[in-house]
Amino acid sequence: MDNFEQIRRHLIAAGYRLSVQEPYLVCVELSLAKGKRHQAIFLTELEDDDGRSYLRVSTAIGPTTGMDPKRALRFNFESRVGYLAISELDGVPYLHLCENRPYAGLTAAEIDRLVLEIGGIGDAMEHRLSAGGDLL
């Protein structure tokens with residue numbers, strides 16, 4: 001994959017349900033647990049200081065209010081896939097699970113794997129933090 005439009009075309013061709021489509025942003029709506037749970041996965045383009053493009057795949061886990069930061073930092077240290085970050089949604093700080101990959105060497109299969117893995121892990125974390133609910 002050389003640019004974000006190739007990634008967007010792949011997502012459409014692969015049959016993902018896209019709820020947001022902007023120039024450098026798409027939102028994939030995953031249906032999980034036989035349709036009982038849903039997870040929004042955001043794909044955006046980032047650029048580093050050298051001008052190289054990266055794909056960021058992220059999903060919101062839940063609001064940071066009342067969250068134990070030690071658990072989040074422990075997850076970051078132990079995780080082989082993704083990292084946790086905080087970003088605002090409608091003015092509320094939310095915990096997000098993210099993964100960044102350089103476009104160089106990025107394949108359609110890797111995009112599929114990232115969407116499904118970040119979506120699945122994010123949903124499982126949200127499920128645990130919400131005592132079995134779906135926060136978003």
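Couple of notes before you dig in:
- The rule of thumb for compact globular proteins, 2.2 N^0.38 Å, goes into the C-alpha radius of gyration of the stretch 37-136 1.10 times.
- The stretch between V92 and L18, if pulled fully straight at 0.36 nm per residue, gains 24.3 nm over its current Cα-Cα span.
- Relative contact order (%) - criterion: Cα under 8 Å, at least six apart; region: the chain: 24 percent
- Accessible area, probe 1.4 Å, largest first, for residues D112, D49: D49, D112
- Distance (nanometres) between label positions extended 7 Å along Cα→Cβ at Y54 and L116: 2.5 nm
- Most mobile of E45, E88, E99 in a GNM of the chain (Cα contacts under 10 Å): E88
- Portion, in percent, of the accessible area of the chain that falls on carbon or sulfur, probe 1.4 Å: 53 percent
- For the stretch 1-89, the share of alpha carbon pairs falling in successive 10 Å distance bins from zero is 13, 38, 36, 13, 0 percent.
- Averaged over its residues, the chain has an accessible area of 58 Å² per residue, based on protein heavy atoms and a 1.4 Å probe.
- Charge dipole magnitude, Cβ of K and R +1, D and E -1 - the stretch 1-125, Cα centre, debye nearest 20: 660 debye
- Helix-only CD estimate at 222 nm, as mean residue ellipticity for the chain, using -39500 (n - 2.57) per DSSP H run (n ≥ 4): -10000 deg cm²/dmol
- Residue ranking by accessible heavy-atom surface, 1.4 Å probe, largest first, among T44, T107, T65 comes out as T65, T107, T44.
- For the stretch 1-29, the residues whose backbone nitrogen is under 17 Å from a point 7 Å from the Cα of E47, taken along Cα to Cβ, are 2-6, 23-25.
- Neighbour-limited loop hits for trypsin sites (Lys or Arg not before Pro), the stretch 1-48 (at most 15 other Cβ within 10 Å; DSSP other than H, G, I, E, B): R17, K34, K36
- At most 16 other Cβ within 10 Å, DSSP loop - trypsin sites (Lys or Arg not before Pro), the stretch 60-136: R80
The values are calculated or read from the model by the stated rules, or taken from the named source; none is laboratory data. Not measured: the values here are computed from a predicted model. Heads up, the Cβs are rebuilt from the backbone with ideal geometry, glycines too, and the neighbour counts pull from every protein chain shown. Only protein heavy atoms, including side chains, enter the accessible area calculation; ligands, DNA and RNA are left aside. Shrake-Rupley method; radii C 1.70, N 1.55, O 1.52, S 1.80 Å.
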